[in-house]
1. Using only alpha carbon pairs under 8 Å that are at least six residues apart, calculate the relative contact order of the range 8-71 and give it in whole percent.
2. Within the range 6-26, name every residue whose backbone N is under 19 Å away from a label modeled 7 Å from Cα of S44 along the Cβ vector.
3. Determine, for each peptide in 128-135, 199-206, 148-155, 8-15, the mean count of other beta carbons within 10 angstrom over its residues, then list the peptides with the highest first.
4. So for the range 106-217, averaging the separation of alpha carbon pairs under 8 Å that are six or more residues apart and normalising by length, what relative contact order in percent results?
5. Quick check: the distance between the Cα centres of the range 26-63 and the range 134-193, to the nearest angstrom?
6. Could you check the simple spin-label distance between E166 and R113, using points 7 Å along Cα→Cβ, in nm with one decimal?
7. Stretch T120-Y219 to full length: gain in nm at 0.36 nm per residue minus the Cα-Cα span?
Amino acid sequence: MNLRRPSLVEAITAEIYQRIKTGEYLRGQKIPSQKTLAQSLGVSPASLRGALDQLSLMGLIETKHGEGTFVKSTRPSLFVNHTMLLSDKNVTWELLEARTQIESSVVRMAARRAQKADITAMTVLLSGADEDLRENRVDAFSAKDMDFHLMISRASKNRVMERILESLKEPMYQLIMETYSVSPDSLEQSASDHKRILGAIASHDVRESQKRMETHLRYSKHLVERYYSFTEPNGLLERHG
């Protein structure tokens, strides 16, 4: 199920990525000139340049001055902010799997190390999310959802973990926002989950905080599976209903 129509730039990006992925454009190979590629795809040079910028950010291509554009890698880098990540179902599932493993560890550290200021900041944030929920402000609620998880990473006092979560912010936020947009009833469940997670952190209950986070993320996976019509690739993730 498609939740939104991709932009032209995203569609071009996906097409070129598919050519790289299937071996039509090999690693180290020079791809057609922008003029030739734009004509073959039937798109404007400006739209093509936007797609090439995305592919460059993904680490898939590189431009060598005076020589042209070459395939740098056949696999996108996960640690960049780009919209392409969620167009590949397997990579999306890998994102969800990684998020579960990372955040399960992060929340345990936060439960041990969170200070009073961290708890206060998260409490204020969730109060604002409740107001967004009452006013049906899905976008604002989604943003606070993402911010809550980032606040937990900051409360862990582990800068490496914080940077990892921050690097995944854009695709995670996109996933959260689009899922909520087609499943408004899930906002209340998420709001309730967040309060339980915060309660466990505030009590410095390491085991309970991990349990609450994993329950929350299992629910998120269920929503993705249900509304994106995804199935688990290669048995990577446990099935859940």
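Bear in mind these aren't lab numbers, they're just calculated from the coordinates by the rules spelled out. Computed from a predicted structure; not experimentally measured. Counting neighbours? That spans all protein chains shown, and the Cβs are built from the backbone with ideal geometry, glycine included.
1. Details: 61 pairs, mean separation 27.0, N = 64.
Over the range 8-71, the number comes to 42 percent.
2. Residues 6-14 qualify, since their backbone N sits under 19 Å from the label point.
3. Working: 128-135: 15.5, 199-206: 17.0, 148-155: 22.0, 8-15: 18.9.
Descending packing order for the listed peptides: 148-155, 8-15, 199-206, 128-135.
4. Working: 121 pairs, mean separation 47.1, N = 112.
In percent, rounded to a whole number, it is 42.
5. The distance from the Cα centre of the range 26-63 to that of the range 134-193 comes to 32 Å.
6. 1.4
7. On the way: separation 99, 0.36 × 99 = 35.64 nm, distance 2.59 nm.
Value of the extension gain: 33.1 nm.
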